[in-house]
Amino acid sequence: MLPETDFDVAVIGAGVSGAVIARTLSRYDLSIALLEKEADVSFGTSKGNSGIIHGGFHHAGSYLKTRLEIAGSRMFDNLQKELDFPFKRCGILVIALREEELRHLHHLFSQGQENGAEDLELCSRERTLSLEPKLHPDVLGGLFVPAGGIIEPYRFVFSLVESAVKNGVTLVKKFHVRSAVSSGGHFVIQAEDGRNLRVTYVINAAGLYADEVSALFGAEEYSIRPRKGEYYVLDKSTRACPGRIIFPVPSGVSKGMLVVPTVEGTVLIGPSAEEVREKDDLATSGDQLQRIIDSARNIVPGISESDVIAAFAGLRPSLEDEDFYIAPSEKVPRFIQVAGIQSPGLTASPAIGEYVKDIFEAMLKAEGGTLKEKDDYDPFIDKVPRLRDLSAGEAAELIKRNPAYGNLVCRCEQVSEAEVLEAVRRGHDTLDGIKYYTRCTMGRCQGGFCTYHILKILKRETGLEYGEMTKRGAESPLLLGEL
Ligand SMILES: Cc1cc2nc3c(=O)[nH]c(=O)nc-3n(C[C@H](O)[C@H](O)[C@H](O)COP(=O)(O)OP(=O)(O)OC[C@H]3O[C@@H](n4cnc5c(N)ncnc54)[C@H](O)[C@@H]3O)c2cc1C
């Protein structure tokens, strides 16, 4: 058993919620541990979603999630300057294909205005088609939300964590919180492998498992219900890529099946919405594919099955009342719940960080403490040039300075060896970690060409044997023999 280590705060879960909370608190004079059970950060719900920065019109203002969505969305422009993640405000278009759906658009418009969403526009059929010519010709009208946008969700989380670590946060990966004991004003948290941490405050941001973590600490009882969303990814070469994020009018349980032009040029179609029993049920199915394709073609008829290059699923960590549950525990002192963070959790995340900081500050004050800002907090992380973003001239200059930019590892996504090296040097040592950092393996060949090259670089840089390399942690070995 390892010796106990002391921290002021432990944040449990390094998805977008835990990452943004750790980064927000890293502005202050505190020792913070960010605990994650997986081999890398953002391997939970934060990697499997639509990546949309929502427009604040889908839900009533009485929900906490709506207020944080509006506030969070406004913080993204500044965050991008600090954290250099792919982000574009391409706008959202909700479309009506039937008369009764037009009435629903009016409802979403008024709801958005009441919530404080800016620049909403109800559009005629002609205006809707001029905003997005690839729509179904039967479209009757639309709601345009120019502030809506898209990001690469995993890159956002990686950047948040990098920034938190730069400002003193200790990231502890493969730390699966399994038990906790409270005594004498602190908690001793134990991981599955026997490691211990001694901390004064705990923030539970464990996503799908927040209910189980709450139970470990003897805090509130509640139940997180996983709701699966399946997606299909269309190749960059598809002719059906819209310029805006296209929503149908929402159904009772979800925002409907969308057509999303990702920030890197592929297209997502989906997600479905299906209650499932298991919190690790990420299976995709041919039946859903057909349903998703049919729904997406209702919106953008040019979508073709032959454009599909990949499928994935994500699980919404929903609570019965469908709202976020962010509050100090009423049962366990110095314990904060951050649960039920389903959509729009990504959009709301920057505001979740500030909201939790305020709760934490109030807790400290009640105990006679204060939150002191650090003098040396640095919100910026080091930017890594991406070959695919550069002109031929810029690339040539960069290759002169760093020849590893001239060695192409992933042809489909134009990723150089220098970018893979940077991923490994920044601690991403699984195939998925490198994939989400660089986009290697995400193109049409789905890793057929580049996986071999990535593994060779990983061996050279880390000394890992091929048999020790994994897709996403110990339970997913990649190879049994040598290459
Ligand atoms: C299909 C789908 C589509 C979505 N689309 C959007 C969208 O377009 N826009 C938007 O704003 N939001 C969207 N969302 C919502 C968004 O993805 C989530 O709100 C957000 O990712 C939740 O982040 P989180 O950090 O709370 O949870 P997670 O990302 O799940 O992070 C929790 C972390 O806790 C770790 N953990 C769990 N138990 C333990 C333990 N015992 N010890 C240590 N670590 C532990 C997990 O491994 C995980 O990494 C979507 C969600 C889904 C499923």
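Using the beta-carbon distance between Tyr222 and Glu99 and R0 = 51 Å, what value does 1/(1 + (r/R0)^6) give for FRET efficiency, to the nearest 0.05?
Values: r = 41 Å, r/R0 = 0.80.
It comes out at approximately 0.80.
Express the relative contact order of the range 219-364 as a whole percentage, based on alpha carbon pairs under 8 Å and six or more residues apart in sequence.
Values: 252 pairs, mean separation 41.9, N = 146.
Taking the mean separation of contacting Cα pairs over the length of the range 219-364, I get 29 percent.
When only C-alpha pairs under 8 Å and at least 6 residues apart count, what is the relative contact order of the chain, in percent? Intermediate results must be reported in sequence, preceding the final value.
Numbers: 1052 pairs, mean separation 93.5, N = 483.
Relative contact order here is 19 percent.
How far is the Cα center of the range 338-394 from the Cα center of the range 6-71, in Å?
Value for the Cα centre distance between the two parts: 8 Å.
Which of the GluC sites (Glu not before Pro) found in the range 327-434 are in a DSSP loop and have at most 14 neighbouring Cβ atoms, other than their own, within 10 Å? Please report the intermediate quantities before stating the final value.
Values: sites: Glu330, Glu354, Glu361, Glu367, Glu373, Glu394, Glu397, Glu413, Glu417, Glu419, Glu422; in loops: Glu330, Glu367, Glu413.
Listed in order of number, the matching sites are Glu330, Glu367.
Mind putting together the pair-distance distribution for the range 428-467? All Cα pairs, 5 Å bins, whole percent per bin, short to long.
6, 24, 35, 23, 10, 2
Take every DSSP beta bridge whose two residues both sit in the chain, then give the antiparallel share in percent to the nearest 5. Write down the numbers at each step before the final one.
Values: 50 of 71 bridges.
In the chain, DSSP labels about 70 percent of beta bridges as antiparallel.
In Å and on Cα atoms, what radius of gyration and Dmax does the range 239-279 show?
12.4, 37
Per Stokes-Einstein, at 37 °C and 0.692 mPa s, what whole-number D in µm² s⁻¹ belongs to the range 300-373, with the Kirkwood radius over Cα pairs as the hydrodynamic radius?
Details: Rh = 15.6 Å.
This corresponds to a translational diffusion coefficient of 211 µm²/s.
Given an 8 Å cut-off on Cα distances and at least 6 residues of separation, report the relative contact order of the range 215-272 as a percent.
Reported as a whole number, the value is 36 percent.
Using +1 on the beta carbon of Lys and Arg, -1 on that of Asp and Glu, and nothing else charged, what's the dipole of the range 1-74 about the Cα centre, debye to 20?
Here the size comes out at about 520 debye.
Can you list, by residue number, the Cys in the chain that have no neighbouring cysteine C-beta under 4.7 Å?
Here Cys90, Cys123, Cys241, Cys412, Cys445 come out as lacking a disulfide-compatible partner, given the Cβ-Cβ threshold of under 4.7 Å.
Obtain the radius of gyration and the Kirkwood radius of the chain from its C-alpha atoms and give Rg over Rh. Intermediate values should be presented prior to the final figure.
Numbers: Rg = 22.6 Å, Rh = 23.4 Å.
Rg/Rh for the chain comes to 0.96.
Looking at the range 338-384, which trypsin sites (Lys or Arg not before Pro) are DSSP coil and have at most 12 other C-beta atoms within 10 Å of their C-beta? Show your work: numbers first, answer last.
Values: sites: Lys357, Lys365, Lys372, Lys374, Lys383; in loops: Lys372, Lys374, Lys383.
Answer by residue number: Lys372, Lys383.
Output the Kirkwood hydrodynamic radius of the range 70-118, Cα pairs only, in Å rounded to one decimal. Could the numbers behind the result be given before it?
On the way: mean 1/r = 0.0762 Å⁻¹.
With all distinct Cα pairs of the range 70-118 included, I get 13.1 Å.
In deg cm²/dmol, rounded to 500, what helix-only [θ] at 222 nm does the chain give when every DSSP H run of at least 4 residues adds -39500 (n - 2.57) and the total is split over its residues? Please report the intermediate quantities before stating the final value.
On the way: 13 runs with 150 residues, N = 483.
The per-residue figure over the chain is -9500 deg cm²/dmol.
Along the charge dipole of the chain, Cβ charges K/R +1 and D/E -1, which of Val139, Gly393, Met75 sits furthest on the positive end?
Gly393
How much of the pair distance distribution for the range 394-478 lies past 19 Å, counting alpha-carbon pairs only, in percent?
Numbers: 1203 of 3570 pairs.
Summing the P(r) of the range 394-478 above 19 Å gives 34 percent of all pairs.
If one computes P(r) from the Cα atoms of the range 1-66, what percent of pairs lie at distances over 18 Å? Don't skip to the answer; put the middle values down first.
Values: 1185 of 2145 pairs.
Everything past 18 Å amounts to 55 percent.
Could you check the spin-label model distance between Leu140 and Ser476? Points 7 Å from the Cα along Cα→Cβ, value in nm.
4.4 nm
Going through the cross-link list Lys37/Lys166; Lys236/Lys400; Lys174/Lys236; Lys47/Lys357; Lys81/Lys173; Lys400/Lys456, which pairs have a Cα-Cα distance over 32 Å in this structure? Intermediate values should be presented prior to the final figure.
Details: Lys37/Lys166 21 Å; Lys236/Lys400 29 Å; Lys174/Lys236 35 Å; Lys47/Lys357 24 Å; Lys81/Lys173 27 Å; Lys400/Lys456 23 Å.
Result: Lys174/Lys236 exceed 32 Å.
Treating each Cα of the range 128-252 as an identical point scatterer and ignoring solvent, apply the Debye formula and state log10 I(q)/I(0) at q = 0.09, 0.12, 0.17, 0.20 Å⁻¹.
Relative scattering, expressed as log10 I(q)/I(0), comes to -0.52, -0.77, -1.06, -1.28.
Counting other Cβ atoms within 10 Å of each Cβ, which trypsin sites (Lys or Arg not before Pro) in the range 389-483 have at most 10 and sit in a DSSP loop? Present the calculation step by step, with values, prior to reporting the outcome.
Working: sites: Lys400, Arg401, Arg411, Arg425, Arg426, Lys435, Arg439, Arg444, Lys456, Lys459, Arg460, Lys471, Arg472; in loops: Arg411, Arg426, Arg439, Arg444, Lys471, Arg472.
The qualifying sites: there are none.
We did not get these values from a lab; they are worked out from the coordinates using the rules stated. These numbers were taken from a predicted model, which means no experiment stands behind them. Positions of Cβ are generated from backbone atoms using ideal geometry, with glycine treated the same way; all protein chains shown enter the neighbour counts.
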